[in-house]
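Worksheet: the structure to be examined is printed underneath.
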Amino acid sequence: MAILSPSPLTADDTTRPARTVHPGRAGVAAWVTEVAALTKPDRIHWCTGDASEWDLLTGQLVADGSLVRLDPGLRPNSFLARSDPRDVARVEERTFICSVDPDDAGPTNNWREPSAMKAELTDLFDGAMRGRTMYVVPFSMGPIGSPLAKLGVQITDSPYAVISMQIMTRMGTAALDEIGPDTEWVPALHSVGYPLVDASGIARADVPWPSNATKFISHFPETREIWSYGSGYGGNSLLGKKCFALRIASVLARDEGWLAEHMLLVKVTSPEGVSHNLAAAFPSACGKTNFAMMRPTIPGWKVETIGDDIAWLRPDAEGRLRAINPERGFFGVAPGTGDSTNPVAVATIWGNTVFTNVALTDDGDVWWEGLTDEAPEHLTDWRGDSWTPDSATPAAHPNSRFTAPADQCATIADEWDSPEGVVIDAIVFGGRRSTNIPLVAESIDWAHGVYMGATMSSEQTAAAEGTVGELRHDPFAMLPFCGYNMADYWAHWLEVGEQLGDRAPRIFQVNWFRKGADGSYLWPGFGENSRVVEWIARRLEDEVAALQTPAGRIPFEKDFSLEGIDLGPRDWQQLFEVDPISWLHESDLTTEHFARFGDRVPRQLLSHLSLLRWDLASRL
Ligand code: GTP
Ligand code: SPV
Ligand code: MN
């Protein structure tokens, strides 16, 4: 059937179309009709986003066995979902950037020719919703009506995705009302790929977590479209999040002169009452939510939460960089979240929360590794099996998550949903590095900061399918999320910096994960990271000097608050050591990393690398 005609673009087209394929309110209706004709659902439900809809859908999901209602006395209006064990994380191998020109996707993305991809997907989506309800989910990324917000409409056959989108975005009638006759919006089509009736009319029973072994998370940057098939999980199915707010938005940002980033946002206030706003990029499961909800251990300092995963940053009329959090909820990593690490998150998820792949206690509450020091004597694990502390496998999946409304966070900043956003004073890059990268270093200038971001590497986590622990380059924490050629993205960052000039935020790099010779972390992390935040704030106020090293400008010990923590005699030195031999080895890896991008790598980054090598060699 030819209802969804392939993209009109061909490989010969050289211009980028300025608008989406279905502009305006009439475009929404036309698209819904087209998709319904293709996917053949039994019913269409236009989501309003109100509380009765939440009650209806959660009630149905509980009745179907897809959700467990937690004990309302312990965790009101909260639910547990157990996914199919084969559908527990983002699938980077099945994520595609379908630009017309493969070089626009670049060497770090999987690429498919757009019309071929659409043809393949059209076959998969044909009849994919038979026997199911098709939900139409209008949503706004960013406060409704904010000049920095963008609109989208997700179509999905997953009520779990609908309730998650209700927490994570401004979803429903208010978002639909924002779409006027000519408004641009992003169509985001999703199916779990598990029809309940086949083409010959034979029915089959539903399962608690429907999904399909075939998965495609496909993005069409020129036409600003998303097609996601086969997975019900997080970043694969809540299409406002990584698919729109990062992969498609990064392309919009390139074309429109702004930045869409995998960053938390916080407001930091000193004991003297001076506030700064920070944006910080860490790869998946490397500490953004924890940083965003940090409870400082040093007296008088305050950290307030604005966002924990995604930031949209745009130069304002005064030439400063302003940021919003386009989301309205947290999709946070559960394991490791406890009263000793992130008490703010523990309090945030008191109720109105959807948990995925955590363990269930015998009294109807949730548990995961790290929530308490000691595990309960008996649990039902994330697979639904009986579990005791003697069991060989973890009770919660390492990528188990909580989905909770942002306004339940005790440290949420007043400005968190301000339509104009906040002015950013500093940008921070961090990764999971057991070696080489110091606890904190400041870049010499914006271009050096871009070099720090472009050369970031991090040990892989359970947030995506793949090998946990393996070191890989993850530039700007955007490796899985940049919707275009990563080298062009670096050039775009350099351009934005030039435009901002002396109003540009300062750039820092941090590493909470450096290890000593015995393999244990050198730095206590979590609330103690406030000491690093303090140093950053003191630098912004020009109150302290710094020591120039090949890794950037690092603190003098005398200027850094160490009172009340237990660092061993050599720990400071080890936290900040820049060993020329291992740094030269690392710069060899950077040379290989840059070589993947050929002549698209900005000249400033290459010249910084040569200077660095020369500096390191002189220290041997
Ligand atoms: P995504 O939601 O996947 O983007 O992850 P994130 O960057 O928000 O990571 P999150 O804050 O959820 O942390 C992931 C894991 O790292 C959790 O298990 C945390 O306990 C752990 N972690 C966070 N901050 C620190 C820290 O300062 N030190 C140590 N050692 N671990 C940390
Ligand atoms: C990440 O992996 O960076 C996440 C979780 O924040 S997901 O929404 O699945 O991408
Ligand atoms: Mn993330």
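Working only with C-alpha atoms, what are the Rg and Dmax values of the stretch 71-193, expressed in angstrom?
17.4, 56
Based on a Kirkwood Rh over C-alpha pairs, give the Stokes-Einstein translational diffusion coefficient of the stretch 320-472 at 37 °C and viscosity 0.692 mPa s in µm²/s.
For the chosen part, D equals 179 µm²/s.
Between the DSSP loop rule and a limit of at most 13 other Cβ atoms within 10 Å, which GluC sites (Glu not before Pro) in the stretch 381-481 are left?
Glu420, Glu470
Show me the ranking of peptides 583-589, 444-450, 400-406 by mean Cβ neighbours inside 10 Å, starting with the highest.
Going from most to least packed, we get 400-406, 444-450, 583-589.
State which helices in the chain qualify, where a helix is a whole DSSP H run, it must extend 18 Å or more along its own axis by its Cα atoms, and its mean Kyte-Doolittle hydropathy must be at least -0.5.
Those that clear 18 Å and a mean of -0.5 are 24-39, 51-64, 486-500, 580-595, 603-618.
Which length gain, in nm to one decimal place, applies between Val423 and Thr388 when the Cα-Cα distance is subtracted from 0.36 nm times their residue separation?
7.7 nm
Find the Rg to Rh ratio for the chain, where Rh is the Kirkwood radius over alpha-carbon pairs and Rg uses the same atoms.
Ratio of gyration radius to Kirkwood radius: 0.96.
So, for the chain, what is the accessible surface per residue at a probe of 1.4 Å, expressed in square angstrom?
With all protein chains present, the chain gives 37 Å² per residue.
Can you give the extra length, in nm with one decimal, that the chain gains between Asp373 and Leu562 once fully stretched, where that is 0.36 nm per residue apart less the Cα-Cα distance?
65.4 nm
Which residues in the stretch 573-602 have a backbone N closer than 16 Å to a point placed 7 Å from the Cα of Glu498 along the Cα-to-Cβ line?
Residues 600-602 fall inside that zone.
Excluding residues on the same chain fewer than 8 positions from Lys302, give the lysines whose Cα lies under 25 Å from its Cα.
Output for Lys302: Lys267, Lys288, Lys558.
To the nearest 0.05, how large is the calculated FRET efficiency for Asp103 and Asp42 if R₀ is 30 Å and r is the Cβ-Cβ distance?
My answer for the efficiency is 0.10.
How do 182-193, 569-580 rank on mean C-beta neighbours within 10 Å, highest first?
Descending mean neighbour count gives 182-193, 569-580.
Size of the dipole of the chain about the Cα centre, Lys and Arg at +1 and Asp and Glu at -1 on the beta carbon, nothing else charged, in debye to 20?
Dipole about the Cα centre, nearest 20: 680 debye.
Determine which residues of the stretch 436-475 fall in the zone a paramagnetic label at Glu93 would reach in this model, i.e. backbone nitrogen under 19 Å from the point 7 Å along Cα→Cβ.
460-473
Given +1 on the Cβ of Lys and Arg, -1 on the Cβ of Asp and Glu, and no further charges, what dipole in debye does the stretch 495-594 carry about its Cα centre, rounded to the nearest 20?
Dipole magnitude for the stretch 495-594 comes out near 120 debye.
Mind jotting down a quarter of the surface of the convex hull over the alpha carbons of the stretch 329-408, in square nanometres, one decimal?
Average projection, Cα convex hull of the stretch 329-408: 4.8 nm².
For the stretch 496-588, max minus min Cα coordinate along each principal axis, in Å, sorted largest first?
On the principal axes, the stretch 496-588 reaches 46, 38, 22 Å in Cα extent.
Stretched out fully, how many nm does the piece from Asn436 to Glu592 gain, at 0.36 nm a residue minus the Cα gap?
Gain on extension, Asn436 to Glu592, equals 54.4 nm.
Can you tell me the Rg and Dmax of the stretch 261-387, counting just the alpha carbons, in angstroms?
Rg and Dmax of the stretch 261-387, Cα atoms, are 17.4, 59 Å.
The values are calculated or read from the model by the stated rules, or taken from the named source; none is laboratory data. Since the model is a prediction, treat every value here as computed from it, not as a measurement. As a convention, Cβ positions derive from the backbone with ideal geometry for all residues, glycine included, and neighbour counts pool all protein chains shown. What goes into the accessible areas is simple: the full protein's heavy atoms, side chains included, and nothing from ligands, DNA or RNA. Shrake-Rupley method; radii C 1.70, N 1.55, O 1.52, S 1.80 Å.
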